[in-house]
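Working notes, structure below.
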């Protein structure tokens, strides 16, 4: 240990004292606020470490992993048919949409394609799960903003969609309906008529939410101009889905890639918004819900007859190879990179879930905002904890 | 208190006042909670609300109170325990003090105070102290943020409230709440005395400002920044449980009731029915049965006003802290000052 | 038409819902008193037809979280025709499903080659003790009464063979 000379010690003490005085006079002491892991606004166990100066955020970082369930590893010890029961728990609100890209990847490896009727029904259920997911977002948005009524309206109308999914697949949240080569079963009788009615109800729900929330001046003043993410930042952080489209990036995997699904058979508008603020993100989602109801209606109109299952062997062995399939899930781009060695189960699965990339922008966008805006921005980025932590 | 035939000793009168005060605070609170918080909110969200306890869930409130009373009285380890325990009592006491000047009938009042308006507005802000120390003593960051927000908000909205009331005081020429009621019910509009002269007609701007300020004072959405359950968990109430939380809860809705009483006295004619209907000249002519009918009329008006307060609460998202302050200082206060100026000019000119 | 401010519209929506609920009733169901019927395909509980089961273990092996426990032994059954040789059959000793573990994925029902497992939409079998969620073969057999007929399929569907 080096011994400081008296002179050095004195100057050191003087410098420390000067620093301390400066801090007392000019700055207030910062405060570190842990938002989460148990907090009503993080709907799950996300933790945001925010360093505050007064009510202003100096620095913030999301800390995730509190709900890590290890799906990538779990899939390695399951057979291909068993994997779908696991992965529809990743984004638990739009669960059917999680199964589709994995099944498509497996089908790509096996070089089979589902029959057209199965493709149509898959797309319908995919869009239904999008509606179930996003309508809850629209309601939950109200709760985050302090309005309590929208969430109940959302649950009310989402219930119809869940009933439809349950009626067709047997599971409300975890359908497990997708099989390699097609679907488990065909639709039950009367389902199409019921779906049409529900789609009408949901368009009414969208109007209601628009009147109750989006038109509200308080809501707009909370949302507009807050948490602006420019297009280049959105691209560099890998945002996808509605978050990217709200920043003006015209990019939708439903339209921009060729998949054995039925999206190319219908015409729908991909909404974009130039602003990139919280309001734009929420507004895009509202419009997408409307579009989704229209897609479902169009697909129901020309549902082709035929089988729903291609010819596949009873015991599924996927040939060796690697495949990457991504789809436009309710939360954004979700993809599976499946590596098979020709066994009963996958050798390795890499899951690219949308929320994980979407919250990576949080430290950038939270810098300098106020505490109430943290909640607004997190709500508008819209993540599902299971989708972040997997 | 009551113009009873028999002479009541002083202790008896005091006892009656205390009992009357408890009824005047808790009955509106219970009614508001059941009618609006349980039932109206549920219906607005297409559900039925509590249905199990009693017919249509009418006993639910008692079940809730029973549940809260059973809970352990917990204070956080780092909290300033004595102050922590005192805070909800201060909040509730301010409500009781507030109801003391509200007249419910020609003789049915707790105290006939000459500067009643002044007293009511002064006592109404006592609860700020309770909330502030609740936020501070909880030793919780969320509580602290909530307490500070509450203090800032309540002080900011105190001012437009006072300024809105000044218009009424100018018009009535008295600060006595009883006097304001009489002035409204004996007045006439252009010689037509059919509906008396409730000040909501001439002081409509003041009424709107007053109701907005009341909404903010009660920390109801869209002004529920201090509680803000999605950001601050529960603001200054985060660490409270059991009967201390119950006190905050009762305080919130009882204050809503009492402020609605005061608003109906100031703007809607209070307990009175237009005196011209019965040919009464002044307060002295009002018969004794109005002491029973008066509170009922007040109660109805209170329900109407709290309905509006709650309706707004269930429909709107909340403001952000700085927007809330901007709204108070840059919009409400200038408008209410203008209102006072116009009222004063017209009062002098006419 | 002048634009209605959003604040007023919002109040209109909540009031409209209030009136609708008062007139047409709520969208919720008062659960213990009235119950909603789940769809026919709903995956509520798995029922077992014991006679069909051959203890082949396919279901137990395909279960993603291994919550089916099967034990069986081989035994001789009387011959089908008079004078024939006695048959060797698998007798089921134990068939337990642990509903505390079950994910309700339905793979076991699907893989069963002998039609011994069925889905029933029954859902009220919660237990105060978690160990009671282990249903043995008698209890699983009782669920057979609640198994509905498979629903008719929508127009354009191919008939099952």
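The values are calculated or read from the model by the stated rules, or taken from the named source; none is laboratory data. Keep in mind it's a predicted model, so treat the numbers as computed, not measured. Glycine gets a Cβ as well: all are built from the backbone with ideal geometry, and neighbour counts include every protein chain shown.
When you go through (1) over 30 Å from residue C:12 (Cβ atoms); (2) within 14 Å of another protein chain (Cβ to nearest Cβ) one by one for residue B:337, which number turns out not to apply? (2) is the only condition that residue B:337 fails. Residue pairs whose Cβ atoms lie under 6 Å apart, sitting 6 or more positions apart in sequence or on different chains, and linking a residue in segment C:137-161 that is on the phi > 0 side of the Ramachandran plot and within 14 Å of another protein chain (Cβ to nearest Cβ) to a partner that is modelled with pLDDT of 75 or more and part of a loop (DSSP other than H, G, I, E, B), are C:156/A:305.
Could you tell me which of the residues B:279, B:270 is surrounded by 23 or more Cβ atoms within 10 Å (Cβ to Cβ) and more than 14 Å from every other protein chain (Cβ to nearest Cβ)? Among B:279, B:270, only B:270 is surrounded by 23 or more Cβ atoms within 10 Å (Cβ to Cβ) and more than 14 Å from every other protein chain (Cβ to nearest Cβ). Considering the conditions (1) surrounded by fewer than 23 Cβ atoms within 10 Å (Cβ to Cβ); (2) within 21 Å of the chain's Cα centre (by Cα); (3) part of a helix (DSSP H, G or I), residue A:74 is excluded by exactly one of them, (2). Which one is nearest to the chain's Cα centre (by Cα) among residues in segment B:202-227 that are outside any helix (DSSP H, G or I) and away from chain A (no Cβ under 13 Å)? Within segment B:202-227, the match that is nearest to the chain's Cα centre (by Cα) is B:218.
Which residue out of B:226, B:222 is modelled with pLDDT of 80 or more and either in contact with a strand residue (DSSP E or B) (Cβ under 8 Å, 6 or more places away or on another chain) or closer than 28 Å to residue B:142 by Cα (or both)? The match here is B:222. From the list B:34, B:56, the lone residue that is surrounded by 15 or more Cβ atoms within 10 Å (Cβ to Cβ) and on the phi > 0 side of the Ramachandran plot is B:56.
Number of residues in segment A:290-322 that are part of a strand (DSSP E or B) and surrounded by 18 or more Cβ atoms within 10 Å (Cβ to Cβ) equals 1. The residues of segment A:91-106 that are assigned to a loop (DSSP other than H, G, I, E, B) and within 14 Å of chain C (Cβ to nearest Cβ) amount to a single one, A:92.
Going through segment A:343-390 one residue at a time, which ones are assigned to a loop (DSSP other than H, G, I, E, B), away from every other protein chain (no Cβ under 14 Å) and either touching a strand residue (DSSP E or B) at 6+ places or on another chain (Cβ under 6 Å) or without any contact (Cβ under 8 Å) to a residue 40 or more places away in the chain (or both)? A:343, A:347, A:353, A:390 - these are the residues of segment A:343-390 that are assigned to a loop (DSSP other than H, G, I, E, B), away from every other protein chain (no Cβ under 14 Å) and either touching a strand residue (DSSP E or B) at 6+ places or on another chain (Cβ under 6 Å) or without any contact (Cβ under 8 Å) to a residue 40 or more places away in the chain (or both). What are the residues in segment A:259-289 that are surrounded by fewer than 17 Cβ atoms within 10 Å (Cβ to Cβ) and not in a loop (DSSP other than H, G, I, E, B), if any? Residues satisfying the conditions are A:264, A:265. Flag set for residue A:241, criterion: under 24 Å from residue A:362 (Cβ atoms) and touching a strand residue (DSSP E or B) at 6+ places or on another chain (Cβ under 9 Å). The residue that is nearest to residue A:294 (Cα to Cα), among those in segment A:172-199 that are modelled with pLDDT of 85 or more and out of contact with any helix residue (DSSP H, G or I) (no Cβ under 8 Å at 6 or more places or on another chain), is A:197. What residue, among those in segment A:326-342 that are over 30 Å from residue A:190 (Cβ atoms) and buried (at least 23 other Cβ atoms within 10 Å of the Cβ), is farthest from the other protein chains (Cβ to nearest Cβ)? Within segment A:326-342, the match that is farthest from the other protein chains (Cβ to nearest Cβ) is A:332.
When residue A:218 is tested against the conditions (1) part of a helix (DSSP H, G or I); (2) more than 20 Å from the chain's Cα centre (by Cα); (3) more than 14 Å from chain C (Cβ to nearest Cβ), the lone failure is (3). Each residue in segment C:108-159 was checked for being in contact with a helix residue (DSSP H, G or I) (Cβ under 7 Å, 6 or more places away or on another chain), under 23 Å from residue A:172 (Cα atoms) and part of a helix (DSSP H, G or I), and 2 pass.
Look at residue A:48 and say whether it is buried (at least 17 other Cβ atoms within 10 Å of the Cβ), at pLDDT 80 or above and in a strand (DSSP E or B). Answer is yes for this residue. If only residues of segment A:185-215 that are free of Cβ contacts under 8 Å to residues at least 40 places away in the same chain and assigned to a loop (DSSP other than H, G, I, E, B) are counted, the one that is farthest from the other protein chains (Cβ to nearest Cβ) is A:190. Of everything in segment B:169-185 that is free of Cβ contacts under 8 Å to residues at least 40 places away in the same chain and in a helix (DSSP H, G or I), the residue that is surrounded by the fewest Cβ atoms within 10 Å (Cβ to Cβ) is B:179.
Conditions tested, residue by residue: (1) surrounded by 18 or more Cβ atoms within 10 Å (Cβ to Cβ); (2) within 14 Å of another protein chain (Cβ to nearest Cβ).
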{"position": "B:46", "(1), (2)": "yes, yes"}
{"position": "B:49", "(1), (2)": "yes, yes"}
{"position": "B:52", "(1), (2)": "no, yes"}
{"position": "B:62", "(1), (2)": "no, no"}
{"position": "B:74", "(1), (2)": "no, no"}
{"position": "B:82", "(1), (2)": "no, no"}
{"position": "B:87", "(1), (2)": "yes, no"}
{"position": "B:95", "(1), (2)": "yes, no"}
{"position": "B:98", "(1), (2)": "yes, no"}
